[in-house]
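Below is one structure, written out as structure tokens, with a few remarks after it.
The values are calculated or read from the model by the stated rules, or taken from the named source; none is laboratory data. Owing to the predicted nature of the structure, the values given are computational and were not obtained by experimental measurement. Note that each Cβ is placed from the backbone with ideal geometry, even for glycine, and that neighbours are counted across all protein chains shown.
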Amino acid sequence: LAPITTSDLRAKKHAGEPIAMITAYDFPSAKLVEEAGAEMILVGDSLGMVVLGYDSTLPVTMDDMLHHTKAVTRAAKRAFVVADLPFLSYHGTVEEGVKNAGRLLQEGLAKAVKMEGGTELVPLVKRCVQAGIPVMGHIGLTPQAVHQLGGYKVQGRDLEAARRLMDEAEALQEAGIFSLVLECVPEEVAALISAKLDIPVIGIGAGSSCDGQVLVFHDLVGYASQLQPKFVKRYADVGTSIRDAVRDYVSEVKERRFPAPEHVFHAKEEMVSKLYG
Ligand code: KIV
Ligand code: NA
């Protein structure tokens, strides 16, 4: 199957065919996600919380993102891989932002970058697009701004805030983003934004009318994820499977039931007799 492109994604929107996106942070998760048929993989800075154990996404660095993006792109041959620009890597000069975005493609081999924010990003988005770097926007709940937002809360609940989201979405599309993540906004607002934009709108906690959905891998499969927001659906409980498997191993080791005969190598008999004298 040919690798998925930004034009394939746009065609899916116009054909009314929903796009499935999921995060991945390493080789095995990316391989499974691709085999499962997701069109898009996000190397999210949620990495900081679900893989690295931080309380927020703020401590994640460019080095962290590059390290994990490289692992994901070694596995993903068909899915379109987007990598998050981490906190403060795109808030200085436009040049610095373009350089960091470019590293995620040049070194990480991602196909696109994602950045959180509204109209203030327009100059940076334009310069990235001019440089050939596809950019995905991310508005609504933007976790890198958690301290400013005062927590992980639904955004765009009043008329003024909803209109501001609409304006941001249109300004970003105008600047050249190829797709937009809408996080934690009322379904009615997300539906209107999805209908107004020409580019695919991928929702998380944004209802069923978006052009696609994205979830965090660890939340979806139940792999030791801490948060359980309303918008997450847990499709499996692999954490319990892993804990049970490791618990069985531990008790078999303690009872000398592992390794069993089929796991053991043997030396030739004449060698053994000489060895034991
Ligand atoms: O980092 C992440 O996982 C994300 C998604 C929740 C959209 O940005
Ligand atoms: Na993110």
Within the range 176-191, residues being assigned to a loop (DSSP other than H, G, I, E, B), away from ligand 2 (no atom under 16 Å from the Cβ) and more than 19 Å from T6 (Cβ to Cβ) number 1
Any residue at all in the range 125-135 that is under 16 Å from the mean Cα position of the chain (by Cα) and within 15 Å of ligand 1 (Cβ to nearest atom)?
-> yes
Residue list for the range 230-245, restricted to those being surrounded by fewer than 13 Cβ atoms within 10 Å (Cβ to Cβ) and either of a type outside the set (S, T, Y) or within 28 Å of K153 (Cβ to Cβ) (or both) | K230, K233, Y235, A236, D237, R243, D244, A245
Take the range 143-175 and flag every residue that is not in a helix (DSSP H, G or I) and not aliphatic (A, V, I, L, M).
-> G150, G151, Y152, K153, Q155, G156, R157, D158
Among A83, A79, A20, the single one that is more than 16 Å from ligand 2 (Cβ to nearest atom), within 13 Å of the chain's Cα centre (by Cα) and crowded, with 23+ Cβ neighbours inside 10 Å is A79
Answer with yes or no whether V125 is at pLDDT 95 or above, surrounded by 23 or more Cβ atoms within 10 Å (Cβ to Cβ) and not in a loop (DSSP other than H, G, I, E, B).
-> yes
Conditions: (1) more than 22 Å from K233 (Cα to Cα); (2) assigned to a helix (DSSP H, G or I). A2 meets all but one. Number of the miss?
-> (2)
Run L227 past the list (1) at pLDDT below 95; (2) touching a helix residue (DSSP H, G or I) at 6+ places or on another chain (Cβ under 8 Å); (3) more than 16 Å from ligand 2 (Cβ to nearest atom) and report the number of the one that doesn't hold.
-> (3)
Kindly indicate whether L52 is within 16 Å of ligand 1 (Cβ to nearest atom), under 21 Å from K196 (Cβ atoms) and modelled with pLDDT of 95 or more.
-> no
With respect to Q228, is the statement that it is assigned by TED's automatic domain parsing to the domain that holds A24 and part of a strand (DSSP E or B) true?
-> no
Output for Cβ contacts, cut-off 8 Å, separation at least six or different chains, first residue under 18 Å from Q144 (Cβ atoms) and among the β-branched types (V, I, T) in the range 94-116, second within 16 Å of ligand 2 (Cβ to nearest atom) and not in a strand (DSSP E or B), reads V113/L85; V113/A101; V113/L104
Only residues that are touching a residue at least 24 places away in the same chain (Cβ under 8 Å) and either surrounded by fewer than 23 Cβ atoms within 10 Å (Cβ to Cβ) or within 12 Å of ligand 1 (Cβ to nearest atom) (or both): list them for the range 28-46, please.
-> P28, S29, K31, E34, E39, M40, I41, L42, V43, G44, D45, S46
In the set T57, T69, T73, the lone residue that is in a helix (DSSP H, G or I), within 16 Å of ligand 2 (Cβ to nearest atom) and either crowded, with 22+ Cβ neighbours inside 10 Å or in the same structural domain as P123 (by TED's automatic domain parsing) (or both) is T69
